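Comments concern the structure below.
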C-alpha cells in the first residue's frame, strides 16, 4: 500500500515519533513540502494521501486511479474537495480533539499576560526601568486579577468548554454566546455578551456567518477596558477595526494567534508598531509537541482502521 505525506514539515520538526508509519505492507513516502505543480506527480499511484495544508482539488483527486483514502493531518477539511471525493468513492478522514490542551493553555497564557502586563514589564526591566526605580518594585503598568471578571465565549465546542473550565478555576464567571438562530435560553445573544464580557475569547469556525463578526460595531459594544483573545481564525475579527479600538484605548488589550492571511508576507495592519498592548503569536497555539504527536498517531490510526475495513474519524 503506497502512502504519501505531501507536507510533513507542517507537522514534524524532527521531534515526533513516526514509527507507526513503517508498518508491514506500507510503502511510506514523505515530502517536507509540496508545491501545487508537484502534487499530481507525487500522488500518482498512491492509495493513501496525507495532507495538512496542500490542496487536493477535484481534478487532482480524479487523476489518481487507485486512491482510496485521504487523511487530513488537521481538523479543517477546506483544502480537500469533499464533494469530488464522495463522487469518486474516496474516503476522507481527519484528526480531532488533538490540540485541546495546547490551545486552551495558550489562551490562558495570553489572558494572564494581558492582565499582568507581562511582556511590557519584561521589556521595561530589560531597558533599565526597574534599575532606575525609586522603589523596590516597578508598577508603572496596571496589573489586574482574573478573579471576579466575566469571560465571554463565542464558540462552545470542546475548546470553548475547556477554556471555560480553566477560567472558572481562576474565579471567573463564564457566559456563552448563543448560536445564530438557535434556541439556547441559557446563552446570550452576541450583542448582550459583548456588553457583559470583561474578556471575549473566540472559539468558532470561520464561515460566511462569522467572517468579520467582530467588526467596529461589535468592538464598540464591548466594555471599555475589556480584552479580546482570538485563537480561532483571523477572518473572524476585522483587523483594522481592532487596531483602531486598541489605539483609541477602548480595549485595554488584545491577543491573537491568527491573522487573516498567514503567514503575513505582505504585512498586516496589526503589525504596526504603534498599537498598544497587543500580543500576536504565529498560529502556534495548537503546536505543542504532544498535540502534534497526537495528530501523527491519529493519522496512522485512521489508515490502519481503513485498511482493516473500519471507519474512524471519517468526514466524507
Cα Rg, Dmax, the chain, angstrom units: 22.4, 75
Could you check the spin-label model distance between residue 125 and residue 68? Points 7 Å from the Cα along Cα→Cβ, value in nm. 5.8 nm
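Would you kindly state how much longer the chain becomes between residue 32 and residue 57 on full extension, computed as 0.36 nm times their sequence separation minus their alpha carbon distance, in nm to one decimal?
Working: separation 25, 0.36 × 25 = 9.00 nm, distance 2.01 nm.
Contour length minus the Cα-Cα distance gives 7.0 nm.
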Kindly list the residues of the range 89-127 that lie in the label zone of residue 143, defined by a backbone N under 15 Å from the point 7 Å along the Cα-to-C-beta vector. 112-125
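So, by mean Cβ neighbours within 10 angstrom, what's the order for 184-192, 299-307 with the highest one leading? List each step's numbers first, then the result.
Values: 184-192: 13.0, 299-307: 20.4.
Packing order, densest peptide first, comes out as 299-307, 184-192.
Mind checking Rg over Rh on the range 100-280, alpha carbons, Kirkwood formula for Rh?
On the way: Rg = 16.6 Å, Rh = 17.0 Å.
With Rg and the Kirkwood Rh in hand, the quotient comes to 0.98.
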Sequence ranges 87-98, 48-59, ranked by mean other-Cβ count within 10 angstrom, highest first: 48-59, 87-98
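Looking at the range 131-172 from every direction and averaging, what is the projected area of its Cα convex hull in nm²? Could the numbers behind the result be given before it?
Working: hull surface 18.3 nm².
About 4.6 nm², averaged over all directions.
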Which order do the peptides 225-233, 203-211, 19-27 take when ranked by the mean count of other beta-carbon atoms within 10 Å per residue, highest first? 225-233, 203-211, 19-27
Cα long-axis angle, helix 158-169 against the chain (0 to 90 degrees, to the nearest 10): 30 degrees
Of the range 184-206, those with amide N under 18 Å from the point 7 Å along the Cα→Cβ vector of residue 221 are 184-205
Between helix 289-307 and the chain, what is the angle of the helix's C-alpha long axis to the longest principal axis, kept within 0 to 90° and rounded to the nearest 10? 30 degrees
Principal axis lengths of the range 143-207 from Cα atoms, whole Å, largest first? 37, 23, 21
Tell me what the chain gives for mean residue ellipticity at 222 nm when only DSSP H runs of n ≥ 4 count, each as -39,500 (n - 2.57), the sum divided by the residue total, rounded to 500 deg cm²/dmol. -9000 deg cm²/dmol
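Give the dimensionless ratio obtained when the Cα radius of gyration of the range 1-47 is divided by 2.2 N^0.38 Å. Don't jump to the answer; show the numbers that get you there.
Values: Rg = 11.3 Å, N = 47, 2.2 N^0.38 = 9.5 Å.
The value comes to 1.19.
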Note on the chain, DSSP bridge orientation, antiparallel percent to nearest 5 equals 5 percent
Tilt relative to the chain, helix 239-248 - C-alpha long axis, 0 to 90 degrees, to 10: 10 degrees
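What's the long-distance tail for the range 81-203, i.e. % of Cα pairs beyond 17 Å? Let's see the in-between values first.
Details: 5064 of 7503 pairs.
Result for the distance tail: 67 percent.
Quick one: plug the Kirkwood hydrodynamic radius of the range 159-246 (C-alpha pairs) into Stokes-Einstein at 4 °C, 1.567 mPa s, and report D in µm²/s.
Working: Rh = 13.6 Å.
Approximately 95 µm²/s, per Stokes-Einstein.
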Just to be sure I understand the model, the point goes 7 Å from the Cα along the line to the Cβ. What's the resulting residue 19 to residue 184 distance in nm? 4.3 nm
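Bear in mind these aren't lab numbers, they're just calculated from the coordinates by the rules spelled out. Just so it is clear, the structure is predicted and the values come from calculations on it, not from any experiment. Cβ coordinates were reconstructed from backbone atoms using ideal geometry, including for glycine residues, and neighbour counts include every protein chain displayed.
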